[in-house]
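For reference, the structure is listed below as structure tokens.
Read the figures in this text as sums done on the coordinates, not as results from a lab. Predicted model only: the values in this text are computed from it and were never measured. Cβ coordinates were reconstructed from backbone atoms using ideal geometry, including for glycine residues, and neighbour counts include every protein chain displayed.
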Amino acid sequence: MTNTSPVRSDIPTVVAQRRVLRVLVASQILSGAGLAAGVTVGALLAKDMLGTTSLAGLPSALVTAGSALTAIAVGRVSQAHGRRPGLAAGYFAGSVGSAGVILAAVLDSPLLLFTALFVYGAGSATNLQARYAGADLAAPNHRARAVSTVLVATTLGGVAGPNLAAPTGALAEHLGIPNLAGPFILSGLAYALAALVLALWLQPDPLVLARTRAAATEAAATEPGSATGPATADGPDTNEARGGLVLGALAMILTQLVMVAIMTMTPVHMHDHGHGTAASGLVIAIHIGAMYLPSPLTGWLVDHYGRTKIAAASGTVLLASGALAGLAPADSVALLALALALLGLGWNFGIVSGTAIITDTVPLATRAKTQGLVDVSIAVSGATGGMASGIMVAATSYPALALTGGILSLALLPAVAATAYRR
């Protein structure tokens, strides 16, 4: 299936790419607020309703499980109709999920809360999928920087969201809504506005235009008398493509697993040791900022030094994060903030390098669908990390969780070495 809407073939690719990036930046600023607001209080809301820490990781697991389903849907819609309808629909679903969380808090219904959090996960998946749209029209040697531009736009909303937990909580109480549901008021509005921005202004559609340009180039190359001869396949040979796909997916899957597990239980760990919502919100805001703010530098490093080197660096940084989080005194907000900053940076290295590797190795004909399937694996790993984190902390401790996550991230190093050897 292909998009049947008219595509402006007279727009220079560079001009179209600039417009696409501007629209994506605007939507990502909004969606970043929606994403981060729920992360700050999701686990606390579940703990408050259920009265136990062992299931505090369940909200994160449900959000990422919903993200997995949405990644498939957004990937398929984008493959068939373009990025614009896929991304807009995903953000709208995230807004609906936010409204459901608020209603669940009012009714004190854990079942409705978990259902709504599953739907809310659509916003998380869409926020992540948007990075692929930034790379559709980018030149190969600028793809990582294009991905980074989209990711860094999430920073403003992502940092603001957690720090608005206290004010939105006060607003919620004024409206007769439980305090912890307040941030979901912000997330619902932010996701709805992000969907509107994309639906109205993401034109031309980057994936549709990229396909149109690729088809025109191929047709010109196969014409009789063409100086270039028949067009070659979009991408490397099969073995190299398979190795790149595996490495790119693994880099993002492992970083997501470790990041979600440690991030999910940090607010709970802080709360159990006497820290308030403002302190945990600050730590999560620093973490979210570190996830996205270094993106321009990361993109340059990936394009300049190579995808595999930065993928390997992500494992090393995550190890440092896990060690610091595990060894930091529970009363030290500063050390926990530094550990979560390193956690965000390691995730950023993995996601930017992994995205560039996937985009390099998957042809346009199946790109969106494959990217969606890769993001399903990322979401499943996040769901696993979120669910297992609460169980592990209840059975052992937060330091044990953090140290285990750091050690697990080192699995990236042999994968990078194996890929380099095959080449």
Item to check | Helix 277-292 vs. the chain, principal-axis angle (Cα, 0 to 90°, nearest 10) | outcome: 10
Next on the checklist: In whole Å, what are the extents of the range 356-423 along the principal axes defined by its C-alpha atoms, from largest to smallest?
Outcome noted: 47, 28, 13
Checklist entry - Assigning unit charges at the beta carbon (Lys, Arg +1; Asp, Glu -1) and nothing else, what dipole magnitude in debye, to the nearest 20, does the chain show about its Cα centre? => result 760
Checklist entry - Taking +1 at the Cβ of each Lys and Arg and -1 at the Cβ of each Asp and Glu, which of ALA153, HIS271, GLY82 sits farthest along the dipole of the chain towards its positive end, judged by Cα position relative to the Cα centre? => result GLY82
Next on the checklist: If R₀ is 35 angstrom, what is the calculated FRET efficiency for the pair ALA395 and LEU364, using the beta carbon separation as r and rounding to 0.05?
Outcome noted: 0.15
Checklist entry - Cα axis of helix 58-81 to longest principal axis of the chain: angle in degrees, 0 to 90, nearest 10? => result 20
Item to check | Estimated dipole of the range 301-423 in Debye, rounded to 20 [Cβ of Lys and Arg +1, of Asp and Glu -1, Cα centre] | outcome: 420
Item to check | Over the chain: Kirkwood hydrodynamic radius from C-alpha pairwise inverse distances, Å | outcome: 21.3
Next on the checklist: Quick check: the angle from helix 295-305's long axis to the longest principal axis of the chain, C-alpha only, nearest 10 degrees?
Outcome noted: 50
Checklist entry - Quick one: what Rg and Dmax do you get for the range 270-370 from the alpha carbons, in Å? => result 16.3, 53
Next on the checklist: Could you give the length gained by full extension between SER377 and ARG18, i.e. 0.36 nm per residue of separation minus their alpha carbon distance, to one decimal place?
Outcome noted: 126.2 nm
Next on the checklist: Based only on other Cβ atoms within 10 Å, what is the fewest-to-most ordering of TYR120, TYR292?
Outcome noted: TYR292, TYR120
